[in-house]
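Undergrad: Submitted below is the structure of interest, expressed as structure tokens.
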Amino acid sequence: MRILVDADACPVKDEVYKVAWRHAVPVVIVSNSWLRVPQHPLVSRQVVSDGFDAADDWIAEAADARSVVITSDILLADRALKAGAKVLAPNGRPFTANSIGAAIATRAIMADLRAGGDQVGGSNPFSSADRSNFLQALDRELVALKRLT
């Protein structure tokens with residue numbers, strides 16, 4: 001088992017470490033640039049090129065049924081789900097095979113509206129409730145994966 005983090009804009013890296021250490025699960029922090037990570041045997045850093053989607057490509061190729069992927073990128077979530085991984089957004093919302101199609105469609109609609117000059121609101125500010133929901137969701141996913149082994 002391992003946790004793969006799309007880390008460049010991830011607001012819950014500290015929470016990932018906390019849950020991973022409690023469950024003794026390795027974490028890979030994937031980014032386009034060097035990021036500080038704790039010096040801990042369960043935490044590793046994977047710096048990829050600054051090419052477009054390089055971090056997403058690395059995560060999608062590494063993801064499998066024993067992985068939990070942390071990302072807010074809907075297209076990466078889709079690729080990770082297709083590889084068999086569990087996928088969580090930083091607010092704790094799981095991406096699933098049943099929900100990813102609607103998320104992709106919504107993303108496309110919003111992109112079309114923005115391209116047409118419409119002013120559309122972004123996502124809500126990240127809150128302490130989001131952080132708490134994420135902690136619970138990650139713990140739940142790791143417990144479920146442990147049961148499968």
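What follows is calculated from the coordinates using simple rules that are stated; it is not laboratory data. Just so we're clear, the structure is a prediction, and the values are computed from it rather than from any experiment. Every residue, glycine as well, gets a Cβ built from its backbone with ideal geometry; the counts of neighbours run over all protein chains shown.
Undergrad: Treating the angle as unsigned and between 0 and 90°, give the value, to the nearest 10°, between the Cα long axis of helix 128-148 and the longest Cα principal axis of the chain.
TA: For helix 128-148, the angle is close to 60 degrees.
Undergrad: For the pair Ser49 and Ala105, what calculated FRET efficiency results from E = 1/(1 + (r/R0)^6), where r is the Cβ-Cβ distance and R0 = 30 Å, to the nearest 0.05?
TA: So, using R0 = 30 Å, E works out to roughly 0.50.
Undergrad: Between His23 and Arg93, what FRET efficiency comes out of the Förster formula 1/(1 + (r/R0)^6) with R0 = 22 Å and r the beta carbon distance, rounded to 0.05?
TA: The formula returns an efficiency of 0.60 here.
Undergrad: Let me spell out the model: positive unit charges on the Cβ of Lys and Arg, negative unit charges on the Cβ of Asp and Glu, origin at the Cα centre of region 2-148. What dipole size does that give, in debye rounded to 20?
TA: 700
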